[in-house]
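Notes follow the structure.
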Amino acid sequence: MARQQPIELFMPPNMLKAKVGGGLGGVDMAAVKRAEAAMEDLSGQFSEWLAADLKALVDTHARYAVGLGDDNRAAMLRAAHDLKGQAATFDFPLVARVAGSLSRLLGELPAGRELPPGLVEAHVQAVLVIHRENIRDEANPMARTLCAELDARVTKTLAAAPRNPNRNGHPTAG
Amino acid sequence: MSGYRFERLKVLAVDDNAHMRKLVVTILEAFGVHETVEAENGDRAWTSLRENNPDVILLDWMMPGMSGLDLARMIRTNPLAPNPFVPLIMLTGYTSIDHVRQARDAGVNEFIAKPVAAKTVMSRLVSVIEHPRPFVRTSVYFGPCRRRRANDEYRGPERRTETEQVVE
């Protein structure tokens with residue numbers, strides 16, 4: 001069936017290349033090293049930065065626990081999702097893993113389905129403990145066991161729920 | 001050494017997390033970018049990009065209010081966008097292929113899954129400088145061509161449409 005409007009394919013002028021030049025092309029490793037050094041300088045603040053993200057999760061969780069509702073759930077999902085990305089960058093990989101597990105639960109459990117409060121609480125407590133104990137080693141056996149248990153419970157919860165028509169399942173977030 | 005004059009770039013960093021913005025700006029400044037503009041959500045970014053007309057935008061996906069995905073669509077399709085061709089680099093905690101597809105379908109050029117690494121940011125910047133993709137306009141999409149690779153070996157019929165026009 002013919003489409004109503006023809007498809008147009010065109011190459012816009014490369015204004016970016018014209019602006020920055022760079023005849024040699026490729027990754028500027030000297031600049032990358034400078035950036036890595038600058039990140040290393042900031043790394044002393046990472047734990048403190050992550051504490052702010054953890055507080056956001058704790059606050060949104062508290063609001064959801066009292067008021068429930070899609071908006072509160074979406075806010076908690078945003079906080080968990082942010083924490084996942086931030087923790088991975090700020091050198092707390094296990095916090096990132098637990099936050100990712102919580103994001104999966106919040107995002108994939110159908111919107112009308114009540115979240116299991118104990119499982120959500122367990123995730124929140126887990127990230128707080130991992131951060132408080134400054135556990136950054138992914139091989140830490142206790143933390144690994146905890147992460148695996150949380151992952152398994154989320155998987156089991158999602159398997160028992162009807163499939164969300166929106167696979168990504170985010171109540172309001174984009 | 002690549003010889004890029006990054007100091008000539010103006011980059012807009014959009015993220016609701018102030019610390020993540022600081023990290024991204026720190027990386028860009030270490031690359032030599034002098035002019036960085038920050039926005040904490042899609043709505044502010046929309047205002048900012050109309051005021052500043054950045055050369056590149058690094059944007060988070062999930063933000064309160066207008067998401068990064070909505071912002072990308074708006075930049076590509078809203079007639080008020082100052083530069084619908086501006087390279088968009090999505091920086092997000094999402095990692096699944098579904099999310100990469102969604103970002104691509106919104107008109108995003110490049111995708112960075114957190115954790116953020118300086119080398120990855122540089123690599124995506126180099127990609128939008130050195131390997132810009134052609135743009136496609138259809139009734140339902142406007143943005144960079146979503147086909148990653150040209151397949152010169154393909155000898156079958158044109159799959160995109162029978163009525164495609166290539167504009168020089």
Could you please rank A:Met15, B:Met122, A:Met39, B:Met63, placing first whichever residue has the fewest other Cβ atoms within 10 Å of its Cβ?
A:Met15, A:Met39, B:Met122, B:Met63
Spin-label pair A:Lys156/A:Leu42, simplified geometry with 7 Å Cα→Cβ offset, distance in nm
4.0
Rounded to whole Å and ordered largest first, report the semi-axes of the equivalent ellipsoid of region A:46-160 derived from its Cα gyration tensor (root of 5λ).
22, 16, 11
DSSP loop (so not H, G, I, E, B), at most 14 other Cβ within 10 Å: list which GluC sites (Glu not before Pro) in region A:55-132 pass both filters.
A:Glu114
Mind giving me the FRET efficiency for A:Ala30 and A:Leu68? R0 is 56 Å, r the Cβ-Cβ distance, nearest 0.05 is fine.
0.60
Proxy exposure order for B:Leu91, A:Leu68 (fewest C-beta within 10 Å first) is A:Leu68, B:Leu91
Which of the lysines could be linked to B:Lys119 by a straight reach, that is with a Cα gap under 18 Å, when you skip same-chain ones fewer than 8 residues away?
A:Lys33, B:Lys22
For the protein assembly as shown, count all C-alpha to C-alpha pairs, find those more than 37 Å apart, and express that count as a whole percent of the total.
23
Rule-of-thumb check for chain B: C-alpha Rg over 2.2 N^0.38 Å?
1.05
Which whole number gives the average, over all residues in A:68-81, of C-beta atoms from other chains lying within 10 Å of the residue C-beta?
1
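Can you put B:Val128, B:Val108 in order of Cβ neighbours within 10 angstrom, beginning with the fewest?
So the residues, fewest neighbours to most, are B:Val128, B:Val108.
Bear in mind these aren't lab numbers, they're just calculated from the coordinates by the rules spelled out. These numbers come from a predicted model, not from an experiment. Counting neighbours? That spans all protein chains shown, and the Cβs are built from the backbone with ideal geometry, glycine included.
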